[in-house]
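One structure is given here, and the rest of the page talks about it.
The values are calculated or read from the model by the stated rules, or taken from the named source; none is laboratory data. All values derive from a computational prediction rather than experimental measurement. All Cβ positions, glycine included, derive from the backbone under ideal geometry; neighbour counts span all protein chains shown. For the accessible areas, the whole protein counts, side chains as well, though only heavy atoms, and no ligand, DNA or RNA atoms are used. Shrake-Rupley method; radii C 1.70, N 1.55, O 1.52, S 1.80 Å.
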Amino acid sequence: MGATDTAEGDKYVLAVNDLTGRTLVLNRPKALNSLTLPMVQSIKRRLQEWEESELCNVVMIRSNSAKAFCAGGDVVQVSRDWKQGNRGAAMRFFQAEYQVNHYIAAYKKPIVAFIGGYTMGGGVGLSMHAAFRVATESTVFAMPETKIGFFPDVGATFFLPRLDGQTGVYLGLTGRLLKGRDLLYAGIATHYVPTERLPLLEQRLQGVGTSDYEIVNAAIEEFVAQPEDAPIEYSLAGVRECIDRCFQFSTMEEIVEALRAEAKSAVGEHAHWAQETLATLEQLSPSSLKLTLDQLRRGQQRRIQGAFELELRLAERRLGSHDMHEGIEALLVRKSNDPKWDPPSLDQVDAVRLNDYYFNIPTNYTPWFVDPSANFDEYPHKFGLPTERDVRALVTGANPQAGDFGMSAAGVLQFFDRECASKIGVHQKIAWILARKTRALPDSDVLQWVD
């Protein structure tokens, strides 16, 4: 990295040292903190310095802008590089970005991401892999890559399939926005803290004086907001069954057919959701949709390094496509929002040819990992709310702590309340899962799981 790149990176990524806390401050507000290669390189360099420093216990990442944490990578520049024949520069961006994403997941000290405002694409990559992700009332999350003819990357191959049910597949295909507390209940954020409390939380973490994850977690919990009186503040709560029903399939044609059936047979919120989702999918790149669905299904079985290896291959292939450059031009350059996709419809996308081109041809690029030993099936730290898999394991007895006699709803709530140290939001999510996915056995309060 040259002196010019270093200066640019340090201009847009500031470093704050205070006591034993270190903070990366994204400082490119006019571009909503869209990431450039020098910014990514600056983030990596600071992370390496602080990981080795005995004076640093906790690393935080935040934005200088109230509007955005980070709205993504600077794909306009990436597209321009590729079209001008500088393909190495375009791919170096993705190699460096994925390297930092993996490094955050593998980091040896607690990283806390304050994700206020727009958090999309590259911004998700900077936050989702951190042990602690703090959402606020201003947070707007999305993985909208299919809108520009790309695919959800920055590790989405790994983290989206691991969200509850078919939530991740739905978010990855449609680019649906989630806001505020949605992120907590979806499993994207680990905590929800009002914006006005973030400066005090940052000060608290700067002086926490330890890299003990449990102590850092307890410090963050001191600042979280109590949920409202409503059972669960989650915009997807009313349609989660529809999401699982319609997005469980392995082809886009089946998903579209299921949505059409839902739109015809359902009423009220469910019918409206199905119609709206169909309208959204019709606007997106058909080849991106088929590619993304295949990518996320494969991601269920991939470890984290394999996920990034796959994404780098797909990025190279997608940069050679028509749709990615057309989508970027229409949505981000012309801002006409009228991309001309090729092929223009799902039925014209040859699934066999797509599979061969994207998944079977070797790539010319390999990912760089700062810590090659870090390769796992699940994130090593878990500080968010319990997942549906966690609840299912307890109710069905797959979790040995359930005992031999089954559990009641009260027993399940007490178990997770104890396991999560009375974490705020646990009761709301567990009660919601139990209401949807369990029923009491006849003449008993013992629960039975219902798939």
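The order of the peptides 303-309, 406-412, 117-123 by mean Cβ neighbours within 10 Å, most packed first, is 117-123, 303-309, 406-412. Rolling a 1.4 Å probe over the protein heavy atoms leaves Arg28 with an accessible area of roughly 50 Å². Across the range 146-161, computed HN-Hα scalar couplings (Karplus, 6.51 cos²θ - 1.76 cosθ + 1.60, θ = phi - 60°) run 5, 6, 10, x, 10, 8, x, 10, 6, x, 4, 4, 8, 8, 5, x Hz from first to last residue, x flagging Gly and Pro. Please state, as a whole number in µm²/s, the translational diffusion coefficient that the Stokes-Einstein equation yields for the range 66-201 at 20 °C and 1.002 mPa s, with Rh defined as the Kirkwood radius across alpha carbon pairs. Calculated translational D: 140 µm²/s.
Counting Lys and Arg as +1 and Asp and Glu as -1, what is the net charge of the other residues whose Cβ lies under 11 Å from the Cβ of Gly121? Combined, the nearby Lys, Arg, Asp and Glu give -3.
Here the 3J(HN,Hα) profile of the range 424-437, calculated from phi with Karplus coefficients 6.51, -1.76 and 1.60 at θ = phi - 60°, is 5, x, 4, 4, 4, 6, 5, 4, 5, 5, 4, 5, 8, 10 Hz, Gly and Pro shown as x.
Candidates Met60, His191, Leu385 compared by Cα position along the dipole of the chain: farthest toward the positive end lies Met60, with charges placed on Cβ. Summary of the geometry: the range 100-150 and the range 244-277, compared by the centres of their Cα atoms, lie 29 Å apart. Rg/Rh, computed from the Cα trace of the chain with Rh as the Kirkwood radius, has the value 0.96. Ordering Phe415, Val349, Gln166 by the projection of their Cα atoms onto the charge dipole of the chain, which places +1 on the Cβ of Lys and Arg and -1 on the Cβ of Asp and Glu, puts Val349 at the extreme positive end.
Atom-type composition of the exposed protein surface of the chain places 49 percent of the accessible area on carbon and sulfur (1.4 angstrom probe).
Treating the range 349-415 as a set of equal point scatterers at the Cα positions, no solvent, please give the Debye-formula log₁₀ I(q)/I(0) at q = 0.14, 0.15, 0.16 Å⁻¹. Relative scattering, expressed as log10 I(q)/I(0), comes to -0.72, -0.74, -0.76. Would you list which aspartates and glutamates come within 19 Å of Lys340, measuring only between C-alpha atoms, while excluding same-chain residues fewer than 8 positions from it? Here the aspartates and glutamates satisfying the reach criterion relative to Lys340 are Glu145, Glu282, Asp323, Glu326, Glu329, Asp350. Nearest 500 deg cm²/dmol is fine: what mean residue ellipticity at 222 nm does the chain get from its DSSP H runs of n ≥ 4 alone, each adding -39,500 (n - 2.57), divided by its residue count? Value at 222 nm, helices only: -13500 deg cm²/dmol.
In the structure shown, the pairs Lys179/Lys264; Lys30/Lys67; Lys109/Lys423 are assessed against 19 Å; a Cα-Cα span above that value is assigned to Lys179/Lys264; Lys109/Lys423. Cβ-Cβ distance of Arg439 and Glu257, R₀ of 25 Å, FRET efficiency by 1/(1 + (r/R0)^6): the value works out to about 0.30. For the range 231-322, the fraction of alpha-carbon pairs lying more than 19 Å apart is 52 percent, rounded to a whole number. How many angstrom lie between the Cα centre of the range 349-405 and the Cα centre of the range 1-51? The range 349-405 and the range 1-51 have Cα centres spaced 30 Å from each other. For the range 1-61, pairs of C-alpha atoms spaced more than 18 angstrom apart make up 33 percent of the total. Judged by the gyration tensor of its Cα atoms, with axes a ≥ b ≥ c, the range 84-125 is oblate; a/c meets the 1.5 cut and b/c is at least as large as a/b. Given +1 at the Cβ of Lys and Arg, -1 at the Cβ of Asp and Glu and no other charges, the dipole of the range 314-368 around its Cα centre is 180 debye to the nearest 20.
All other residues with a Cβ under 14 Å from the Cβ of Gln203 taken together, and with Lys, Arg as +1 and Asp, Glu as -1, what is their net charge? Neighbourhood net charge equals 0. Each residue was assigned an accessible area with a 1.4 Å probe, and for Val78 the value is about 10 Å².
Of the listed residues Cys246, Cys420, the order by accessible area with a 1.4 Å probe, largest first, is Cys420, Cys246. By DSSP, the beta bridges lying fully in the chain are antiparallel in about 35 percent of cases. Past 24 Å, Cα to Cα: identify those pairs from Lys83/Lys147; Lys147/Lys429; Lys382/Lys429, in the order given. Too far apart for the 24 Å limit: Lys147/Lys429. Rounded to whole numbers, the Karplus 3J(HN,Hα) couplings from phi for the range 120-133 are 9, x, x, x, 5, x, 6, 10, 4, 8, 6, 5, 10, 10 Hz, using 6.51 cos²θ - 1.76 cosθ + 1.60 with θ = phi - 60°, and x at Gly and Pro.
Residues Thr396, Thr174 ordered from highest to lowest accessible area at a 1.4 Å probe: Thr396, Thr174. With 0.36 nm allotted per residue and the present C-alpha distance subtracted, the Asn27-Glu276 stretch has 86.1 nm of extension available. What shape does the range 50-139 have by the C-alpha gyration tensor, where a ≥ b ≥ c are the square roots of the eigenvalues, rounded means a/c under 1.5, and otherwise prolate means a/b greater than b/c and oblate the rest? Verdict is oblate for the range 50-139.
In the range 311-392, the alpha-carbon atoms span a convex hull of 228 Å³ per residue. Assuming charge only on the beta carbon of Lys and Arg (+1) and of Asp and Glu (-1), the dipole of the chain about its Cα centre is about 800 debye to the nearest 20. Per-residue surface analysis assigns Glu97 an accessible area of about 10 Å², computed on protein heavy atoms at 1.4 Å probe radius. Solvent-accessible surface of the chain, taken per residue with a 1.4 Å probe and all protein chains present: 42 Å².
Peptides 56-69, 205-218 ranked from most to least packed, by the mean per-residue count of other Cβ atoms within 10 Å: 56-69, 205-218.
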